[in-house]
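The values are calculated or read from the model by the stated rules, or taken from the named source; none is laboratory data. Everything quoted here is computed from the prediction, not taken from an experiment. Glycine also receives a Cβ, built like all others from the backbone with ideal geometry; neighbour counts cover every protein chain displayed.
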Amino acid sequence: MIVLGSKLAGAGAEPPPSPRRAPNLPEVLASKLLRNTVALLSAIAFACYAFRHASVADFYAAATAAAALAYDHALIEVGAGAMTKVSTRATPVMPSFEGPSSPLPTTMIFASAKTDEVREEDTVDDSEDRWGDGSKDEEDAKVDWSRFAYTQYVTGIDYLCNSIMLFESLHRLESKPDRVLLYPSDMMDSEEMEPKTRDARLLVQARDKYAVKLLPVSVQHRDAADS
Amino acid sequence: MAAETWSESYTKLLIFNLTHYDRVLHLDSDSTVLEPMDELFLLPPSPVAMPKAYWFDDDRRKLFTTGVMLVQPSEHEFSRIMSAVEAARKEEYDMEIVNNLFGDSADVLPHRPYPLVSGEFRANSHEKYLRRPDSYGGDDVGEEWDATDVFNEAKFVHFSDWPVAKPWRYNSPRFKGLQEPKCEKMFQPADCSGQRIWNWLYEDFASRRKVRVGLVQVLIPLSYVLTSPVRLRS
């Protein structure tokens with residue numbers, strides 16, 4: 001019917017492409033509906049995931065990322081509408097914020113490969129007798145550095161991680177005094193050899209890798225003193 | 001919530017009880033160590049030594065800050081602190097307690113080079129940082145701000161940059177672009193050293209901090225991968 005109609009309408013004119021034909025695969029992929037659905041679904045999926053598994057702070061981070069994603073998406077739409085092929089952002093956003101806090105497969109990366117090499121050399125000569133004979137100038141040799149210590153106190157995971165990074169820096173920069181970490185006694189047993197929890201694993205890592213002395217303390221609770 | 005803040009704030013003061021050591025140095029952990037500070041332990045004896053909170057306005061900059069705290073542990077001082085903690089009012093934190101107890105007797109560590117605050121690179125005026133402790137109150141700074149020089153002399157940088165979140169929290173690239181230090185355009189070519197240093201501080205911290213691979217980190221790039229062919233075509 002249609003073919004017949006177009007033949008009747010115009011002699012020699014190019015027939016307009018039929019609007020009714022089934023879309024091919026690239027067109028499906030290019031459709032705005034699919035694009036937006038995928039973006040929306042992934043935003044909802046990770047929002048749900050974060051809500052279920054993570055603390056409030058993690059949830060906040062995920063929400064921020066979702067908002068940023070949606071915002072970028074909107075900008076790209078505008079760009080495409082103006083017939084420019086330049087996307088507003090050359091590389092995808094790869095946020096480096098913290099993920100949900102507990103039951104996830106986690107990878108710990110503390111420093112670049114270069115510093116890892118240094119650290120391995122360091123672990124050969126050990127922390128106890130390192131300062132006795134290792135000192136270069138005479139004045140340093142007279143100082144008994146074990147009478148001094150850098151200290152850190154930790155209460156939660158955020159600051160535990162920061163404190164260990166700080167000790168890693170001091171270890172890497174070859175600082176001489178002791179390193180002491182105060183931690184709540186319920187976080188780990190001080191002689192733990194096979195840590196089970198994440199916090200305990202970090203503490204053991206600090207003790208074994210960066211020669212940190214662990215000191216459990218009972219945390220002072222002001223409210224307990226009041227009542 | 002309140003109990004937690006209290007307990008965290010007080011735990012810092014427990015280092016006065018480490019009498020096993022002659023001297024201990026507390027450093028706030030939301031910071032980057034650029035150089036060891038071992039020489040501080042060799043300073044002349046003093047119960048407590050701290051830098052002043054140079055970034056405050058008016059009289060508060062004469063207060064001591066507890067971000068870098070050099071302490072000679074002693075049972076006597078520890079019992080003084082514990083009784084001060086017991087008697088502390090609700091609004092009093094470790095900083096108030098330490099200033100009340102040691103405000104007159106503590107030694108002053110030079111805030112250059114020990115705690116440089118990351119927000120200094122974003123500040124409009126650097127007078128407060130450039131003043132040496134002995135010239136508090138004086139008007140003459142007598143020195144030009146040079147971000148590279150300041151960074152090179154600093155040994156310890158504390159992250160404090162409101163409204164920018166701490167470096168282990170997520171700041172969107174767009175937000176950071178708005179907040180980062182501006183280039184000095186007084187002369188050509190423009191001087192962007194402060195901006196570069198500030199961005200380096202944040203990137204360095206984030207790269208040393210754990211990188212967690214969780215579902216969130218997979219889904220965001222994934223949604224980009226899924227939509228990117230579309231973006232290139234349109």
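Within the range B:62-99, being within 24 Å of residue B:112 (Cα to Cα), surrounded by fewer than 18 Cβ atoms within 10 Å (Cβ to Cβ) and in contact (Cβ under 8 Å) with a residue 12 or more places away in the chain holds for B:62, B:63, B:72, B:95. Here the condition is being of a type in the set (S, T, N, Q), more than 18 Å from residue A:183 (Cβ to Cβ) and more than 10 Å from chain A (Cβ to nearest Cβ); of B:19, B:32, it holds for B:19 alone.
Would it be correct to say that residue B:96 is under 23 Å from residue A:150 (Cβ atoms) and charged (D, E, K, R)? When the stated conditions are applied, residue B:96 does not pass them.
Taken as a whole, the structure places residue B:209 among residues that are facing chain A (nearest Cβ under 8 Å), over 30 Å from residue A:38 (Cβ atoms), buried (at least 16 other Cβ atoms within 10 Å of the Cβ) and at pLDDT below 85. With respect to (1) over 19 Å from the mean Cα position of the chain (by Cα); (2) within 13 Å of chain A (Cβ to nearest Cβ); (3) polar (S, T, N, Q); (4) in a loop (DSSP other than H, G, I, E, B), the lone exception for residue B:83 is condition (4). Tallying residues that are under 12 Å from residue B:52 (Cβ atoms) and in a loop (DSSP other than H, G, I, E, B) within the range B:86-128 yields 7. Is at least one residue of the range B:161-178 assigned to a strand (DSSP E or B) and either farther than 30 Å from residue A:169 by Cα or within 14 Å of another protein chain (Cβ to nearest Cβ) (or both)? Checked against the condition, which is being assigned to a strand (DSSP E or B) and either farther than 30 Å from residue A:169 by Cα or within 14 Å of another protein chain (Cβ to nearest Cβ) (or both), the range B:161-178 yields no hits at all.
Any residue that is at positive phi and of a type outside the set (S, T, N, Q) - is there at least one of those in the range B:193-202? There is no residue in the range B:193-202 that is at positive phi and of a type outside the set (S, T, N, Q).
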